[in-house]
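A.B. asks: Dumping the structure here so I can ask a few things about it.
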Amino acid sequence: MSSESDRAKNMTAALKKAGIRVTRQRIALLGVLADADDHPDAVELHARAKAIEPSVSLATVYRTLTVLEEEGVVHRHAFQGGGARFETSHEDHHDHILDVDTGEVIEFQSDKIEQLQDEIARELGYEVVHHRLELYCRKKR
């Protein structure tokens, strides 16, 4: 997996490629995104970036996230029951478990699931190009 500094560099390069100025406000947001080990929404990202750079606006957060998503360095997730949440692109594919009681998002990777998906696609005459798997779960008591 990429280091936080590599992720921040990738996002900075993506903004420059898209012709977007890399301002203090955007640098604060990129740092927050690179540091995030959860899947925050835009409002949470705004609050975190604003704690670093008070002049960050919510509009800047939304515009920046849109560009980063278009450039493929940030993924937008629309998990059931909530608004869009974001994470930086990972080198390794992973899926998500969402705890329906707490809202926590847990990343996981399973070779068994990947193999089964490929097998099912092949049996139906397809090749998996991309997929997302979200499991909505409750902890056993």
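A.B. asks: Which one of these does Phe79 not meet: (1) of a type in the set (Phe, Trp, Tyr); (2) open to solvent by 60 Å² or more (accessible area, probe 1.4 Å); (3) under 12 Å from the mean Cα position of the chain (by Cα)?
C.D. replies: Here Phe79 clears every test but (2).
A.B. asks: Counting just the residues of the range 82-112 that are open to solvent by less than 50 Å² (accessible area, probe 1.4 Å) and more than 15 Å from the chain's Cα centre (by Cα), which one comes out farthest from Lys9 (Cα to Cα)?
C.D. replies: Asp99
A.B. asks: Still on this model: Looking only at residues that are outside any loop (DSSP other than H, G, I, E, B), open to solvent by 50 Å² or more (accessible area, probe 1.4 Å) and not basic (Lys, Arg) in the range 118-128, which one is farthest from His77 (Cα to Cα)?
C.D. replies: Filtering the range 118-128 for residues outside any loop (DSSP other than H, G, I, E, B) gives 118-123.
Imposing the further condition that a residue be open to solvent by 50 Å² or more (accessible area, probe 1.4 Å) reduces the set to 118-120, 122-123.
If we keep only those that are not basic (Lys, Arg) too, we end up with 118-120, 123.
Working: Asp118: 23, Glu119: 26, Ile120: 25, Glu123: 29 Å.
Ranking the qualifying residues of the range 118-128, first place goes to Glu123.
A.B. asks: Can you name the residue in the range 25-57 that is within 19 Å of Ala13 (Cβ to Cβ) and among the charged types (D, E, K, R) and is also nearest to the chain's Cα centre (by Cα) among such residues?
C.D. replies: Per the stated criteria, the residue is Asp35.
A.B. asks: Residues being outside any loop (DSSP other than H, G, I, E, B), among the acidic types (Asp, Glu) and closer than 22 Å to Asp35 by Cβ: count how many of those fall in the range 100-117. Write out each step before concluding.
C.D. replies: At the first step, the residues of the range 100-117 found to be outside any loop (DSSP other than H, G, I, E, B) are 105-108, 111-117.
Keeping just the survivors that are among the acidic types (Asp, Glu) gives 107, 111, 114.
Filter once more, keeping what is closer than 22 Å to Asp35 by Cβ: 107.
Looking only at that region, the number is 1.
A.B. asks: Return only the number of the condition from (1) aliphatic (A, V, I, L, M); (2) surrounded by 18 or more Cβ atoms within 10 Å (Cβ to Cβ); (3) modelled with pLDDT of 90 or more; (4) within 29 Å of Phe108 (Cα to Cα) that Val56 does not satisfy.
C.D. replies: It fails just one condition, (4).
A.B. asks: Being in contact with a strand residue (DSSP E or B) (Cβ under 8 Å, 6 or more places away or on another chain) and aliphatic (A, V, I, L, M) is the filter here; which residues of the range 37-74 pass it?
C.D. replies: Restricting attention to the range 37-74, the residues satisfying the condition of being in contact with a strand residue (DSSP E or B) (Cβ under 8 Å, 6 or more places away or on another chain) are 38-42, 45, 65, 68-69, 73-74.
Scanning the range 37-74 gives Ala42, Leu45, Leu65, Leu68, Val73, Val74.
A.B. asks: Identify all residues within the range 20-70 that are outside any helix (DSSP H, G or I) and β-branched (Val, Ile, Thr); write none if there are none. Please lay out each step first, then the result.
C.D. replies: Our first condition is that a residue be outside any helix (DSSP H, G or I); within the range 20-70, this holds for 20-23, 36-41, 53-57.
Once the filter is applied, which keeps residues that are outside any helix (DSSP H, G or I) and β-branched (Val, Ile, Thr), the range 20-70 yields Ile20, Val22, Thr23, Val56.
A.B. asks: Every residue in the range 112-137 that is closer than 25 Å to Gly81 by Cα and out of contact with any helix residue (DSSP H, G or I) (no Cβ under 8 Å at 6 or more places or on another chain), please. Talk me through it step by step, then tell me what you get.
C.D. replies: Filtering the range 112-137 down to residues closer than 25 Å to Gly81 by Cα leaves 113, 130-137.
Result: Ile113, His130, Arg132, Glu134, Leu135, Tyr136, Cys137.
A.B. asks: Hey, can you tell me all the residues within the range 14-42 that are of a type in the set (A, V, I, L, M, F, W, C), open to solvent by 40 Å² or more (accessible area, probe 1.4 Å) and free of Cβ contacts under 8 Å to residues at least 24 places away in the same chain? It would help to see each step written out before you state the result.
C.D. replies: At the first step, the residues of the range 14-42 found to be of a type in the set (A, V, I, L, M, F, W, C) are 14-15, 18, 20, 22, 27-30, 32-34, 36, 42.
Next cut, open to solvent by 40 Å² or more (accessible area, probe 1.4 Å) only: 18, 20, 22, 27.
Once the filter is applied, which keeps residues that are of a type in the set (A, V, I, L, M, F, W, C), open to solvent by 40 Å² or more (accessible area, probe 1.4 Å) and free of Cβ contacts under 8 Å to residues at least 24 places away in the same chain, the range 14-42 yields only Val22.
A.B. asks: For His93, are the conditions met, namely being at pLDDT 85 or above and in contact with a helix residue (DSSP H, G or I) (Cβ under 9 Å, 6 or more places away or on another chain)? Before you say what the answer is, go through the steps one by one.
C.D. replies: On the way: at pLDDT 85 or above: no; in contact with a helix residue (DSSP H, G or I) (Cβ under 9 Å, 6 or more places away or on another chain): yes.
Against the criterion (at pLDDT 85 or above and in contact with a helix residue (DSSP H, G or I) (Cβ under 9 Å, 6 or more places away or on another chain)), His93 does not qualify.
The values are calculated or read from the model by the stated rules, or taken from the named source; none is laboratory data. Note that the structure is a prediction, hence the values are computed from the model and not measured. Ideal geometry is used to build each Cβ from the backbone, glycine not excepted, and the neighbour counts take in all protein chains shown. The area values use the complete protein model at the heavy-atom level, side chains included, leaving out ligands, DNA and RNA. Shrake-Rupley method; radii C 1.70, N 1.55, O 1.52, S 1.80 Å.
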